[in-house]
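Read through the structure below, which is laid out as structure tokens, and then see the notes.
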Amino acid sequence: MPILPRADLKVGFACNNRCVFCAQGDKRTECASIPLTELVDRLKSVRDRTQGLVLTGGEPTAYKHIVALVEAATHLGFHPIQVQTNGRMLSYEAAITALRRAGATEFSPSLHGSTAEIHDGLTRAPGSWEQSVSGIRNAVRSGAVVVTNSVIARSNVHDLPALTALLASLGVRQAQLAFVHPVGTAELLFDEVVPRLADVVEPVRKARDLARAAGMRLVTEAIPYCFLRGMEELAIEDEIPHTTVVDLDGQIADYSAWREAEGKSHGPPCESCAVRARCEGPWREYPAKFGWDEFVPVEAG
Ligand code: SF4
């Protein structure tokens with residue numbers, strides 16, 4: 001199936017969580033929301049070169065015109081339409097029904113731990129785990145495509161297998177484990193938040209085995225191949241569609257190119273690495289802090 005180009009629209013940065021790894025940092029206070037007409041105009045400006053749509057933020061379900069925005073996107077012919085959410089609002093059946101009726105076809109809710117203690121510790125929002133778990137259950141039940149996202153941070157590395165098992169038990173068919181991007185709040189709290197890549201390998205392997213046994217597809221983001229030996233199939237980067245990010249201060253016409261050129265980086269070990277051509281490398285803030293000693297090039301063959 002061809003991978004369709006998509007737009008990634010930021011609806012504003014208000015959020016009912018306060019995640020320690022939030023990439024948007026202080027934007028929540030600088031721009032809580034954007035007028036509906038302006039967002040629709042932004043959608044129109046990218047419609048001729050995009051097909052799918054991801055509504056993100058901040059927390060898109062905290063945007064008071066979210067249903068009207070989904071309706072407008074549907075009328076403009078966007079398909080699929082994904083709501084990338086922390087999942088809390090999906091715990092309300094009425095919210096999910098309204099979004100589905102407006103044309104939302106996919107949900108990408110987040111869950112960052114198998115227990116309230118781990119998840120709420122990361123979101124700094126007591127009660128968020130319970131709501132997100134219930135939201136994921138509702139999203140699955142609604143018949144929408146559900147692709148969960150879990151950020152890999154220092155405090156949940158050991159929990160990744162249990163988290164994977166929980167997601168499978170909720171009926172999730174595809175789950176993503178994304179290594180934390182150390183920007184925004186995550187950069188401010190770097191020492192507290194960012195784990196070592198080497199410590200992630202075995203928990204991810206156990207999570208992969210559990211997902212396989214449960215018939216759930218597990219993928220990873222921002223874990224280079226040298227930390228995915230024997231499980232290279234997990235890397236999602238090749239399948240991320242051509243994305244135009246429509247942000248507050250303009251557009252990134254090709255987010256994949258930006259990711260490779262500016263977001264991520266390569267270092268001395270990569271020069272002799274057999275998979276250099278297809279590997280984006282780690283987020284550049286990671287080796288800037290820890291150096292390249294952990295990275296061992298992949299050998300050919
Ligand atoms: S190119 Fe660099 S980061 Fe990527 S797998 Fe090879 S050594 Fe690791």
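Every number in this text was worked out from the coordinates using simple rules, so none of it is lab data. Predicted model only: the values in this text are computed from it and were never measured. Don't worry about glycine lacking a Cβ; one is built from the backbone with ideal geometry, like all the others, and counts go over all protein chains shown.
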Dipole moment magnitude, nearest 20 debye, the stretch 248-301 about Cα centre, only Lys, Arg, Asp, Glu C-beta charged:
60 debye
Expressed as an acute angle from 0 to 90° and rounded to the nearest 10, what is the orientation of the C-alpha long axis of helix 128-141 relative to the principal long axis of the chain?
70 degrees
Using only Cα atoms and rounding to the nearest 10 degrees, what angle (0 to 90) does helix 36-46 make with the longest principal axis of the chain?
60 degrees
Size of electric dipole in the chain: Cβ of Lys, Arg +1 and of Asp, Glu -1, about Cα centre, debye, nearest 20:
880 debye
Restricting to the stretch 6-290, compute how many DSSP beta bridges are antiparallel as a %, nearest 5.
10 percent
Inter-part distance where the stretch 173-203 and the stretch 38-62 are each reduced to a Cα centre, Å
27 Å
Tally of Lys pairs whose C-alpha atoms are under 21 Å apart, taken over the stretch 6-290, 8 or more apart or cross-chain:
6
What distance in nm lies between label points placed 7 Å from Cα along the C-beta direction at residue 37 and residue 229?
6.0 nm
Would any residue of the stretch 272-301 have its amide N under 18 Å from a label point 7 Å out along Cα→Cβ of residue 260? List them or say none.
272-284
Working out 0.36 nm times the residue gap between residue 191 and residue 277, then minus their Cα-Cα distance, what length gain in nm do you get to one decimal?
27.9 nm
Looking at the stretch 22-72, which trypsin sites (Lys or Arg not before Pro) are DSSP coil and have at most 14 other C-beta atoms within 10 Å of their C-beta?
64
Degrees separating the helix 93-102 axis from the principal Cα axis of the chain, which is the longest one:
80 degrees
With labels modelled as points extended 7 Å from the Cα through the Cβ direction, what inter-label distance (nm, one decimal) is found for residue 45 paired with residue 124?
3.2 nm
Helix-only mean residue ellipticity at 222 nm, the chain, DSSP H runs n ≥ 4 weighted -39,500 (n - 2.57), per residue, nearest 500. What is it?
-9500 deg cm²/dmol
Theoretical gain in end-to-end length, residue 16 to residue 64 [0.36 nm per residue, Cα-Cα removed]:
16.0 nm
